[in-house]
Amino acid sequence: MASTEHPGGPAFLFDLDGTLIDSVYQHVLAWREALDQVGISLSVWKIHRRIGMSGGLFVTALARELAQSLDPETLTRLPSLHADAYIRLFDSVEPLPGAAELLGTLSEHGVPWAIATSGSERYARPALELLGLADDTPLITRDQVRYAKPDPDLFLTAAERIGVEIRDGIVVGDSVWDLLAARRARSLGIGLLSGGYGREELIYSGAFRVYEDPRDLLAHLDEVGVRRPL
């Protein structure tokens, strides 16, 4: 099969929360509010460690953390309660430094890219407007795949959507779940520190490069195979 590689370098598959928009802590607070509503107290740091999973996987992991068992009705309600709380906090979410410029530069140089998020379309779609992106921007959400991260489905589907082979793509994410999914998809992974994970954690999970945030990645695109005219 002929390679799908193009003159501008590899394709990019971006996570959303903590990678392109500064929303990780809003998600943490939203989960804490949701848990409070059903009478569960959980340390904020334990919530943060699970951000990047889908709501369903988060709830499964939560059930292991708690001494008491949760009834099925409570488990079913939690993702919706989280989504409601996050929407109320969305006004405080901002693009991460350099995010819009990074995406614009990739487009300018003919580098394919897509966004793949474990979040639902309900709160992923408003992020496009926040980033100044068109409605037809390639966006894969949890609603469109069978399994979320750390399964590779989101990134595999995103690569298919933009017509590239996953092995020609680079996954960019801020969490260990992004990078584990990248490894399972057999794609290179880039870690960003803008979601709160440490450099060593990201490298240990498979990142071949780690940058501060999208602006730092933009300044070092040559290191990851994007060729730009001088």
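Worth a mention:
- Close amide H pairs (under 5 Å, H built 1.01 Å from N) link Ile21 with Leu96, residues at least 5 positions away or on another chain.
- The chain: Rg to Rh, with Rh as the Kirkwood radius over Cα pairs: 0.97
- Here the label points at Leu70 and Glu129, each 7 Å from Cα along the C-beta direction, are separated by 3.0 nm in the simple model.
- Peptides 200-206, 156-162 ranked from most to least packed by the mean count of surrounding Cβ atoms within 10 Å: 156-162, 200-206.
- The stretch 42-140: Cα Rg divided by the 2.2 N^0.38 Å rule of thumb: 1.32
- A Cβ-based charge dipole, computed about the Cα centre of the stretch 24-91 with Lys and Arg at +1 and Asp and Glu at -1, lands at about 260 debye.
- For trypsin sites (Lys or Arg not before Pro), the sites in the stretch 91-158 that DSSP calls loop and that have at most 13 other Cβ atoms within 10 Å are Arg146.
- Arranged from fewest to most other beta-carbon atoms within 10 Å of their beta carbon, Phe58, Phe208 become Phe208, Phe58.
- Sorted on the mean count of surrounding Cβ atoms within 10 Å across their residues, most packed first, peptides 12-23, 187-198, 211-222, 129-140 read 12-23, 187-198, 211-222, 129-140.
- Here the simple spin-label model places points 7 Å from the Cα toward Cβ, and for Ser43 and Asp222 these points are separated by 4.5 nm.
- Sequence of Lys149, Lys46 once ranked by neighbouring C-beta atoms within 10 Å, starting from the fewest: Lys46, Lys149
- Isotropically averaged projected area of the stretch 109-181, using the convex hull of Cα atoms (one quarter of hull area), nm²: 5.1
- Dimensionless Rg ratio for the stretch 24-91, taking C-alpha atoms and the 2.2 N^0.38 Å reference: 0.99
- Only helices enter the 222 nm calculation for the chain: every DSSP H run of n ≥ 4 contributes -39,500 (n - 2.57), and dividing by all residues gives -12500 deg cm²/dmol, rounded to 500.
- The stretch 170-176 - phi-based ³J(HN,Hα) in whole Hz, Karplus 6.51/-1.76/1.60, Gly and Pro as x: 10, 7, 10, x, 10, 10, 4
Each reported figure results from applying straightforward, stated rules to the coordinates on display, with no laboratory input. Given the structure is predicted, the values throughout are model-derived calculations rather than measurements. Backbone-built Cβ (ideal geometry, glycine too); neighbour counts: all protein chains shown.
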